[in-house]
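S.K.: Next up is a structure, given as structure tokens.
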Amino acid sequence: MGKETRARVLKDNQAMAVARNIRVSPRKLNLVAQQIRGKKVERALNELTFSRKRIAGAVKKALQSAIANAENNHDLDVDDLVVKEASVGKNLVMKRFHPRARGNSGAIEKFFSQITIVVEERPAEKKAESSAPAKKKLPEKSSGKKPAAKKPAAKAKKEAA
């Protein structure tokens, strides 16, 4: 007699985690989210670990939660996970006031935000094809003569006539 389960929003090879009420503005959080978009999960965790941004720890925690959801709830392979989406949104705003000169006050807004991280399992690509680098063609050497200078369009028309 319980509630009916909601239909799954994501594909079968995806998992998601949401971190809400993070005490940082969405603009600052988006800078950290940009660092991990489209990267393999292992590389994204390394970048967040060594990031100098204060909020990188909270983003790392959300990413680890998405990885755990993928592994435990959806039976996905952790080694093949890629950060498909890292979207940032607004949350509540605390409003404070600071006394200013001559009896006035200045408004201070303390922003909160949230981040949604979606990881996707992409099977490992064939290493045989990617290991052979494409050969680059070197430019051919000329015979030492300088190329003829191009004539202005006006002179070219007079000579042609």
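S.K.: For the structure I just gave you, tell me whether Lys28 is in a loop (DSSP other than H, G, I, E, B), under 16 Å from the mean Cα position of the chain (by Cα) and more than 25 Å from Ala124 (Cα to Cα). Quick ask: steps written out before the conclusion?
M.R.: Working: in a loop (DSSP other than H, G, I, E, B): no; under 16 Å from the mean Cα position of the chain (by Cα): yes; more than 25 Å from Ala124 (Cα to Cα): yes.
No, not satisfied.
S.K.: Follow-up. For the stretch 97-104, check the following and say yes or no: at least one residue is farther than 17 Å from Asn30 by Cβ, at pLDDT 95 or above, assigned to a loop (DSSP other than H, G, I, E, B) and of a type outside the set (S, T, N, Q).
M.R.: Let us first name the residues in the stretch 97-104 that are farther than 17 Å from Asn30 by Cβ, namely 97-104.
Remaining after also requiring at pLDDT 95 or above: 97-104.
Those still in the list that are assigned to a loop (DSSP other than H, G, I, E, B) too: 100, 104.
Imposing the further condition that a residue be of a type outside the set (S, T, N, Q) reduces the set to 100.
Yes, the stretch 97-104 contains at least one residue that is farther than 17 Å from Asn30 by Cβ, at pLDDT 95 or above, assigned to a loop (DSSP other than H, G, I, E, B) and of a type outside the set (S, T, N, Q).
S.K.: Run Gly38 past the list (1) surrounded by fewer than 16 Cβ atoms within 10 Å (Cβ to Cβ); (2) closer than 17 Å to Ser65 by Cβ; (3) among the small types (Gly, Ala, Ser) and report the number of the one that doesn't hold.
M.R.: Answer for Gly38: the failing condition is (2).
S.K.: Just to be sure I understand, how many residues within the stretch 8-23 are more than 23 Å from Ala58 (Cα to Cα), loosely packed, with under 13 Cβ neighbours inside 10 Å and not β-branched (Val, Ile, Thr)?
M.R.: Total meeting the criteria: 3.
S.K.: Every residue in the stretch 44-79 that is in a helix (DSSP H, G or I), within 14 Å of Asp12 (Cα to Cα) and among the polar types (S, T, N, Q), please.
M.R.: Asn69, Asn72
The values are calculated or read from the model by the stated rules, or taken from the named source; none is laboratory data. Please read all numbers here as calculations on a predicted model, not as lab measurements. Heads up, the Cβs are rebuilt from the backbone with ideal geometry, glycines too, and the neighbour counts pull from every protein chain shown.
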